[in-house]
1. Can you work out the Karplus-derived ³J(HN,Hα) for every residue in segment 223-236? Use 6.51 cos²θ - 1.76 cosθ + 1.60 with θ = phi - 60°, whole Hz, and x for glycine or proline.
2. For a quick check of understanding: with a 1.4 angstrom probe and all protein chains in place, what accessible area in square angstrom does Glu125 have, to the nearest ten?
3. Read phi for every residue in segment 172-182 and hand back ³J(HN,Hα) as whole Hz from Karplus 6.51 cos²θ - 1.76 cosθ + 1.60, θ = phi - 60°, with x for Gly and Pro.
4. Too long at a 22 Å Cα-Cα cut-off: which of Lys55/Lys120; Lys112/Lys197; Lys55/Lys80; Lys40/Lys64?
5. When only Cα pairs under 8 Å and 6 or more residues apart are kept, what is the percent relative contact order across segment 33-188?
6. Label segment 164-211 by shape, choosing from rounded, prolate and oblate, from the square roots a ≥ b ≥ c of the eigenvalues of the Cα gyration tensor; if a/c is under 1.5 it is rounded, and otherwise prolate applies when a/b is larger than b/c, oblate when it is not.
7. What value, in deg cm²/dmol to 500, does the helix sum -39500 (n - 2.57) over DSSP H runs of n ≥ 4 give at 222 nm once divided by the residues of the chain?
8. With viscosity set to 0.692 mPa s and temperature to 37 °C, compute the Stokes-Einstein D of the chain, Rh being the Kirkwood radius across alpha carbon pairs; µm²/s, no decimals.
Amino acid sequence: QLPRRFIFALLLLCCGATSSAEPAEKILFVGNSYTGGIRKIVSELVKQSPHTKAKISFINPGGKTLEFHLKSKGTIDKIKAGKFDVVVLQDQSQFPAVFPDRFQKAAIGLNKIIDHSGAKTVFYETWGRRDGDKMNKKLFPTYEPMQKALSKSYQATARKCRADLAPVGSTWRIVRKKDPTLGKELYARDGSHPSQKGAYLAACVFYATLFEEDPRKLKFTGGLPEDEARLIQEAAHSTTKN
């Protein structure tokens, strides 16, 4: 039989190994207005969750691409010096669908810098515009083909970078199918940016992705009616689990 002191030492080692595998506590979001649009509600959700110690930073100048951030000294310096656990990357809303190769090239460049800094990359998969892309009508006359192109581009790039994906766009699609009225209410008036409901959906997906928590257990509803919050939580659980 092993001496009791030896067994106790082994138990301590095991406990130490388990507690070191903690979820992200320092997170940087890099994107544009689609990141800015969820900033407030993501921060509030985290404050009201068990992960109150998590520190979240944002770089979200309007309309910018990952190509811009790859060339931005401010963005790169922050990634290198910030000692982040996770860096979330979000490209301009049309770019990954219209220019998938350019998107992937910039994403790979940023992922290398993130990896070298000791952080992990998470891609923020965005959603198709409510009525399709009016600037690219031939490519995306309606929501559905735009969403498919965005999801395909983000998923392929996440695989290429061996990074995680926050499937916000895929969750958006489920909600649009299950409740078309709520699906349209995920958008702001411009049919592009997130409304409060859309921002809540994104926050639920990030909660599940970053902290590996079940969003269905959230008490925070972001001011949404109970039934709508539950539907969104269920959809976020479904996409992040799969």
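1. My calculation for segment 223-236 gives x, 7, x, 3, 5, 5, 4, 5, 4, 5, 4, 4, 5, 5 Hz in order.
2. That residue has around 0 Å² of solvent-accessible surface.
3. Going residue by residue, I get 4, 4, 4, 5, 4, 6, 6, 9, x, 5, 4 Hz, with x marking Gly and Pro.
4. On the way: Lys55/Lys120 15 Å; Lys112/Lys197 34 Å; Lys55/Lys80 17 Å; Lys40/Lys64 19 Å.
In this structure, Lys112/Lys197 lie more than 22 Å apart at Cα.
5. Values: 206 pairs, mean separation 29.1, N = 156.
With pairs under 8 Å counted, the relative contact order is 19 percent.
6. On the way: a/c = 2.26, a/b = 1.60, b/c = 1.41.
Prolate, because a/c is 1.5 or more and a/b exceeds b/c.
7. Numbers: 11 runs with 136 residues, N = 242.
About -17500 deg cm²/dmol.
8. Working: Rh = 18.6 Å.
This corresponds to a translational diffusion coefficient of 176 µm²/s.
The values are calculated or read from the model by the stated rules, or taken from the named source; none is laboratory data. In this text, all values refer to a predicted model and were calculated from it rather than measured experimentally. Cβ atoms come from the backbone with ideal geometry, glycine included; neighbour counts cover every protein chain shown. Accessible surface is based on the protein model in full, side chains and every heavy atom, while ligands, DNA and RNA are left aside. Shrake-Rupley method; radii C 1.70, N 1.55, O 1.52, S 1.80 Å.
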